[in-house]
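Just so it is clear, none of the values below were taken in a lab; they were calculated from the coordinates. Treat the numbers as computed from the prediction; the structure is a model and nothing was measured. Positions of Cβ are generated from backbone atoms using ideal geometry, with glycine treated the same way; all protein chains shown enter the neighbour counts.
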Amino acid sequence: MTDIAAPESRDRIRGVLQASEVPVTVEQIAEQTGLHPNTVRGHLDVLIASGSVVREPAGPAGRGRPKWLYSASGSSASAVQFLAEALSAQLARADRPSLADQAAKRWADALPTLPKASDPDEAVAEAADALNRLGFTADVCRAGVAIDLTDCPYADLVDENPVICDIHTALVIRLLEQTGQPVTVESMDVWARPGLCRAHLNRPDLQPAWTIRIGPKGTVIPPEGEDT
C-alpha cells in the first residue's frame, strides 16, 4: 500500500508515540493513525534510523516472533534531516565511493539482517521488502530482474546531493549480499521516469532461450549461423 504523503504520515506516527506514556505496538499506532500496519512498519524503520524512535521487544508470548514496542526517543529530527546532516558532515572529507559505501552500511545496520534466502526470487523479494521498510515504495518487476523505487523520501535533496543515489545503489547491493544468493546489481537508472529509479539486477539463474537482436535500420538480425 503506497503512502503518498510520507512526511505527514511520519509526523502523525511520531505524534502518537510522543503522546503515549507507554511503548506501543504497530497495531496500536495503525489504529490511532488510520494507516495500514505495513505502512506504519516502513515509517517506523525510517524514524528508528533517524534516531527519533526507539524499539524494544515485548515480553515473551509463546512461540513465534516477539512483538516490538515503540516509543519516542525525544529527538525531533526527521529521517531526511538526519541524512542531510550526515552528508554535509561527510562530503567534505570523504571521496564519493567511500562515502556511499559507509552511508549504505549505516542504513543497512538500521534494519535487522536479512535472512538467508532459499532462492534468487526470495532474495530479490527480501531486498525489496527492506527498502519498503526504509520508506521507499519498492516493486519487483514480473521477471524479477529489476526493482523499481518510487516515493523516495530524499528526492528533494538529490539535486544538491546526487551522492544520495550512490548511497541507495550501495544499499541495494548490501541488502542483496545479506541474502546469500548470487543476485547482484548491474546498474541503477536514476529518474528513469519522473519519481522512479530502477535497479537492474544480474540473475545467473535466469537466462533467455535466445535473444533477438535488432539492426540499426530496425530489422531483425538472424542468429549467427543462419542464412539471411
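The modelled label-to-label distance between Asp159 and Ser118, using points 7 Å beyond Cα along the C-beta direction, is 4.8 nm.
I'd like the FRET efficiency for Ala143 and Asp189, computed as 1/(1 + (r/R0)^6) with the beta carbon distance as r and R0 of 22 Å, rounded to 0.05.
0.90
Per-residue Cβ neighbour counts within 10 Å put Cys197, Cys141 in the sequence Cys141, Cys197, beginning with the fewest.
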